[in-house]
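A.B. asks: First, the structure itself, so that you have it in front of you.
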Amino acid sequence: MTALRPDFPQILTLSEQLDAMLLGWLERNAQSVPAEAQAGAILTVVAEHLPEVETFCARWDMRVERLGGGTKWQSIRVDGPRLPVLGFAQITSLYRA
């Protein structure tokens, strides 16, 4: 394990960036939601980022189903706990091209 150096910027992985963004979204949008409340969303992500997206989703108990796509973009269905799914869908909407 390398020690963190204050003079050297640390780069976060995409999944770590998504974690931070989702935590912020959850803090702003905290609601009383039953534990069993589930949701699903269809999202489009950059194909090369799909492994990081799957890592992020797994940490939040979200399941990813690959629906298809090309070499640049992939469509996925994300299912899981309502608030993380809704937050992730809103976060991805910030990156529309």
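Values in this text are rule-based calculations from the coordinates and carry no lab data. Because the structure is predicted, anything quoted here is derived from the model rather than measured. No Cβ is skipped: glycine too gets one built from the backbone with ideal geometry, and neighbour counts run over all protein chains shown.
A.B. asks: For the chain, the longest stretch holding no trypsin sites (Lys or Arg not before Pro) located in a DSSP loop with at most 16 other Cβ atoms within 10 Å is which? Can you show the working numbers first?
C.D. replies: Numbers: sites that count: 72, 96.
It works out to 1-71.
A.B. asks: For the chain, modelled as a Gaussian network with Cα springs under 10 Å, which listed residue fluctuates most, 20, 30, 47?
C.D. replies: Greatest mean-square fluctuation among the candidates belongs to 30.
A.B. asks: Return the single residue from 22, 12, 83 with maximal mean-square fluctuation; model: Gaussian network over the chain, springs between Cα atoms under 10 Å.
C.D. replies: Most flexible of the set in this elastic network: 12.
A.B. asks: Over the chain, what is the relative contact order in percent, taking alpha-carbon pairs closer than 8 angstrom and at least six residues apart?
C.D. replies: Details: 117 pairs, mean separation 31.1, N = 97.
Once divided by the residue count of the chain, the mean separation gives 32 percent.
A.B. asks: Restricting to DSSP H runs of at least four residues, report the calculated mean residue ellipticity at 222 nm for the chain, -39500 (n - 2.57) per run over all residues, nearest 500 deg cm²/dmol. The partial results should precede the final answer.
C.D. replies: Values: 3 runs with 37 residues, N = 97.
Taken over the chain, the calculation gives -12000 deg cm²/dmol.
A.B. asks: Please check: in the Gaussian network model of the chain (C-alpha springs, under 10 Å), which one of 81, 51, 34 has the largest mean-square fluctuation.
C.D. replies: It is 34.
A.B. asks: From the list (1) 12.8, 39; (2) 15.7, 55; (3) 14.8, 45, can you say which value of Rg and Dmax of the Cα atoms in Å was derived from the structure given?
C.D. replies: (3)
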